1. Limiting things to C-alpha atoms, what are the Rg and the maximum Cα-Cα separation (Dmax) for the range 200-300, in angstroms?
2. Report, in degrees rounded to the nearest 10, the 0 to 90 angle that the Cα long axis of helix 491-508 makes with the longest principal axis of the chain.
3. If one computes P(r) from the Cα atoms of the chain, what percent of pairs lie at distances over 34 Å?
4. How big is the range 510-611 along each principal axis, measuring the range of its Cα positions in Å and listing the largest first?
5. Which distance in Å, rounded to a whole number, links the C-alpha centroids of the range 43-103 and the range 527-581?
6. Can you give me the angle between helix 531-541 and the longest principal axis of the chain, using Cα atoms only, in degrees from 0 to 90, rounded to the nearest 10?
7. Would you kindly calculate the translational diffusion coefficient of the range 177-229, applying Stokes-Einstein with the Kirkwood radius from alpha carbon pairs, for 25 °C and a viscosity of 0.890 mPa s, and quote it in µm² s⁻¹ without decimals?
8. Could you give the angle, 0 to 90 degrees to the nearest 10, between helix 286-296's Cα long axis and the longest principal axis of the Cα atoms of the chain?
């Protein structure tokens, strides 16, 4: 059934109701509606961006950010370690969620990171299991445009058995790669970051040609809305209501002491309406809005809810706690003017030529502006003394000021995470990620020179030790949540980002890449700059990579968990959370591959529970 109106939606007797038509939510909707005997409803706050070029054209990725049509435009609270600066927290608004506005990278996490989910108390949530679900969601387009020699040179070697071939989401490799790709790979190898053509096997340390969610047959973004929803939108038992924001889940106490979710209220066009459900409600609103809806519904820290005049249905102190995210720093250099970068699109003649190429699924608009991603181990990034220091800082006691109001069970769970993270720095696991951008990233006060070409590299820590929170500040359901990231609260985070800056600057000065670098633009100095200057750059340019997780963590209840391994909210019989907020400990990679896997696994769990 196509997108429906409010009257049709509320008059249908729904078996399942999914709150949020984002990445994981649409997967669950598509899989549950495979059974024609059940009715599945989806409530999404944004519209369907079916024909928007800002979404669909890979070379235009990033243009949707900050546009309220596509983006929730959240921001953090003022960040103490950033001199009170607030940091934008972009999240996708519309069918497909953030898979509609992300930067299209589809990189898997490390095996050890996913196995940590199980070690933290979640049987069945391990690398082997989730790899199967990642494969189920994808179909690989093998890089036939590369010769065997180029595949080796570019560090791309897809092993067919590691990828899915029948799933909805296209996975491919960039068709537009500049001459700088190989030079960056060569430079990084000299600095201890080797080529890694087998990154999909759960061992991502090294540099490689990045896989992306681009359908090369159409040169368009492949994401949850056009792969899980669009092909199934004709199903009579799948109803989608857009531009309707859920404000509350209704709960009733059952005879067994468990709360049962009976329906939700939502606002559309200023009118509040309620829709009921027979079997289950699946909350897929994302790492910022899932805890918001839970708290508005009376599920959260009792003292926090009481202060806002909200009746506590379930005292769940972990809701909105344990926030983890990747923060990035940016570097920019001017390069040889013969290199084809995004700046060429500012010239009308070049733009016309690229638009013509795009009509044949070729050129700079048809591919992601990123060709290279690299992961560095602790040993490539720092000395043995640095690693020992990072290990020692993996403790709640290292930053007591950010945990003064943290409930005891949550602190207990976070300390267990630290125990796992502290062992990774001394092994061949990712500690930092580096992402190339084929152009001049926006920086306040800096303008690309006419006719000049640039590349940018952003870098991030893989496993931040700082922890944040997301909470409502009033009972107003339309007020945005308060996002406290506590960026750089733990000294290890600043230290690792400073090491990332130095490694990137060394790469620019290393042959053969240095032969193509005209000058450094941001910052202008070299890797041997003094520590204070390097740290100031980190603080001044720090931004978000938009990978928030952990705010409805899948952990034992005594460790501050919000959901159990079947994704049921503790204390409820039929309310589940299915999105990246359940990830208990952040992984090094871009989280979209896990978002797809969580949706696929959740659908199996729900089907099995309702046989």
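1. 19.3, 56
2. The angle comes out near 40 degrees.
3. Numbers: 71558 of 186355 pairs.
Pairs farther apart than 34 Å: 38 percent.
4. 64, 29, 16
5. That distance is 18 Å.
6. Between helix and principal axis, roughly 50 degrees.
7. Details: Rh = 13.2 Å.
For the chosen part, D equals 185 µm²/s.
8. 30 degrees
Only the coordinates and a few stated rules stand behind these numbers; no lab work does. Keep in mind that what you see is a predicted model, and the values were worked out from it rather than measured. Quick reminder, even Gly has a Cβ in these numbers, built from the backbone with ideal geometry, and neighbours come from all protein chains shown.
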